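The block underneath contains the structure these notes are about, expressed in structure tokens.
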Amino acid sequence: MGYALLKAHVGGWEAAFVLLIIGYILYRAGKTKVAKVLHMLLRLMMVIILVTGAWMLFQFHTTDIYYYVKGVLAIVSFGLIEMCMGRARRQDGSLGFFIGALVVMVVVIMLGYRVFA
């Protein structure tokens with residue numbers, strides 16, 4: 001069970017990273033129909049990431065503060081992703097949110113692989 005959760009979690013982060021980049025580019029290019037579909041898929045990936053991450057956290061790592069920090073940063077990343085995609089959909093300035101979302105996502109992924117530990 002733990003292996004399947006881990007694979008779903010890692011795959012969700014990978015898919016979310018790609019969907020964020022492609023969806024943002026499509027919104028900025030004016031292709032709103034396809035970008036909305038990718039935005040919904042990105043939201044689905046965020047739910048999968050949140051559920052599998054919380055499950056693994058409370059199942060296997062309840063005493064490790066490192067994973068709680070990763071969880072908080074993941075939630076911050078989700079907020080930045082939604083701000084970035086929403087502002088891109090409305091054609092407002094969103095490059096800062098996009099770069100911030102990418103940076104926080106990379107940090108969270110690196111924390112998941114324990115690069116900083």
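Listing for the model above:
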| read-out | value |
| --- | --- |
| Residue-averaged 222 nm ellipticity for the chain, from DSSP H runs of 4+ at -39500 (n - 2.57), nearest 500 | -30500 deg cm²/dmol |
| Residues of the chain: accessible area per residue with a 1.4 Å probe, Å² | 57 Å² |
| Rotationally averaged projected area of the chain (alpha carbon convex hull; nm²) | 6.8 nm² |
| Alpha carbon convex hull of the range 21-61, volume per residue in cubic angstrom | 49 Å³ |
| Mean Cα-pair separation over length for the chain, i.e. relative contact order, pairs under 8 Å, 6 or more apart, % | 27 percent |
| Whole-angstrom Cα spans of the range 73-117 along principal axes, big to small | 39, 15, 9 |
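The values are calculated or read from the model by the stated rules, or taken from the named source; none is laboratory data. These figures come from a predicted structure and were not determined experimentally. Protein only, heavy atoms only, side chains kept; ligands, DNA and RNA dropped before computing areas. Shrake-Rupley method; radii C 1.70, N 1.55, O 1.52, S 1.80 Å.
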